[in-house]
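The values are calculated or read from the model by the stated rules, or taken from the named source; none is laboratory data. Everything numeric in this text was worked out from a predicted model, so none of it was measured. Cβ placement follows ideal geometry from the backbone for every residue including glycine, while neighbour counts extend to all protein chains displayed. Heads up: the accessible areas ignore ligands, DNA and RNA and are worked out on the full protein's heavy atoms, side chains in. Shrake-Rupley method; radii C 1.70, N 1.55, O 1.52, S 1.80 Å.
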Amino acid sequence: MGMTMTQKILAAHAGLDSVKAGQLIESDLDLVLGNDITSPVAIHEMDKMKVEGVFDKDKIALVLDHFVPNKDIKSAQHCKCVREFACRHEISNYFDVGEMGIEHALLPEKGLTVAGDVIIGADSHTCTYGALGAFSTGVGSTDMAAGMATGKAWFKVPSAIKFNIVGKPAKWISGKDIILHIIGMIGVDGALYRSMEFVGDGIAYLSMDDRFTIANMAIEAGGKNGIFPVDDAAKKYMEEHSTRPYTVYEADEDAEYDEEYTIDLGKLRPTVAFPHLPENTKTIDEVGDIEIQQVVIGSCTNGRLEDLRIAAELLAGRKVKKGVRVIVIPATQKIYLDAMEAGYIRTFIEAGAIVSTPTCGPCLGGYMGILAENERCVSTTNRNFVGRMGHVDSEIYLASPAVAAASAITGRISGPDEI
């Protein structure tokens, strides 16, 4: 029996000719990632191990992004811990205030993730890099510590689900609508510990930003990872951003999949995930009349330049509805600069939005947009669990940048065609 894309990458990094689903392997790592919340725990675990140094100072990335700039004393202490560790071990890819961005947007932009890599990160959305044809997955801080010390990790080889992407999407249909549609279809545990492998002619209509969004939210369906074929668009992205060599793996024709689904992009409508799970989806036609108090456009899911462009296109020459707070968070410093040069930042401010430094901020209820009791927020982030963005009696509606921007203008959940 042949192997899937993910299985081929894992076999190569385990030094094996082949692997099969359920097999336990030890894999070499190309990159180990941590942030200001998870890295301190890993650092303390490394101290317990009494290991001398890290396996490779160039293959570790430490990104301060969740509570940065620091929101309180505890977050400042966490960042100090990471800062001192990075300095002590001369970590090459350490990103602090002024250089940092939201980790899963920053690393591809910096060329640290390429096709064929095996990447672990102490953050569940590490699966983002599958957009480039890498195997990337989130792990706990203890596994991060072991990875930093040894350059290796244990995996159970995942089985796979194939998603055939066909058709051409309508103008306002984005990667966020596609992945919300999929999660709504299979559920938040529909891909539990399985590889979500995306194939089909429709991928040609998806930008790299669309693919990053889709891979990013594989974890919201329970997936071990999400992964895309390495086509010309992916190669162009890597060649523009990275000097590292990459390896293209393709699934065998006789690769085994647990299930197969076909997604016709031409039939999709803007999609919204209602509280309090990403699987609780409705199309924009089914939403009804729901007033909102806040809109967040940003995060590792939808804080890239294309996301800001779409939001700016809808907000240009319009005003945010009085009583609605709109927070725009570019995912990296470069995205911030590019958005500024394109005029998007002026558009946001003139419309009545605010623009933040790159940070995860409100996505995890950190800061920069905490919700009060009974408040509702349309957000381009990735999770809408109870209390995720603040008060346990607040509500988060997950949506694309187009729906978020349209909703900011109307003051209720709206599609871009309604303004």
Output for Cβ contacts, cut-off 9 Å, separation at least six or different chains, first residue of a type in the set (Lys, Arg) in the range 199-223, second open to solvent by 30 Å² or more (accessible area, probe 1.4 Å) and part of a helix (DSSP H, G or I), reads Arg211/Ala233
Scanning the range 276-289 residue by residue, those open to solvent by less than 50 Å² (accessible area, probe 1.4 Å) and touching a Ser or Thr at 6+ places or on another chain (Cβ under 9 Å) turn out to be Thr281, Thr283, Ile284, Val287
Residues in the range 127-154 that are touching a helix residue (DSSP H, G or I) at 6+ places or on another chain (Cβ under 7 Å) and either open to solvent by less than 10 Å² (accessible area, probe 1.4 Å) or of a type in the set (A, V, I, L, M) (or both) total 15
In the range 156-171, residues that are in a loop (DSSP other than H, G, I, E, B) and under 21 Å from Tyr205 (Cα atoms) total 5
Of those in the range 331-347 that are touching a residue at least 40 places away in the same chain (Cβ under 8 Å) and open to solvent by less than 50 Å² (accessible area, probe 1.4 Å), the residue nearest to the chain's Cα centre (by Cα) is Ala331
Per the filter on the range 207-229, residues surrounded by fewer than 22 Cβ atoms within 10 Å (Cβ to Cβ) and assigned to a loop (DSSP other than H, G, I, E, B) are Ser207, Gly222, Pro229
### Message
Any residue that is assigned to a loop (DSSP other than H, G, I, E, B), farther than 30 Å from Lys48 by Cα and either modelled with pLDDT of 95 or more or not small (Gly, Ala, Ser) (or both) - is there at least one of those in the range 125-135?
### Response
yes
Apart from one, (1) over 21 Å from Ala145 (Cβ atoms); (2) touching a Ser or Thr at 6+ places or on another chain (Cβ under 8 Å) all hold for Asp72; the odd one out is (2)
Filtering the range 167-193 down to residues that are open to solvent by 50 Å² or more (accessible area, probe 1.4 Å) and hydrophobic (A, V, I, L, M, F, W, C) yields Ala170, Met185, Leu192
Residue pairs qualifying under the 6 Å Cβ cut-off, at least six apart or on distinct chains, with the first in the range 90-110 being over 26 Å from Asp210 (Cβ atoms) and the second being not hydrophobic (A, V, I, L, M, F, W, C), are Glu90/Lys57; Ile91/Lys57; Ser92/Lys57; Ser92/Asp58; Val97/Pro69
Within the range 257-275, the residues that are surrounded by fewer than 18 Cβ atoms within 10 Å (Cβ to Cβ) and under 26 Å from Ile370 (Cβ atoms) are Pro275
- Within the range 245-256, is there a residue that is modelled with pLDDT of 95 or more and open to solvent by less than 40 Å² (accessible area, probe 1.4 Å)? yes
**Message:** I'd like to check something: does the range 401-410 contain any residue that is modelled with pLDDT under 95, buried (at least 24 other Cβ atoms within 10 Å of the Cβ) and under 20 Å from the mean Cα position of the chain (by Cα)?
**Reply:** no
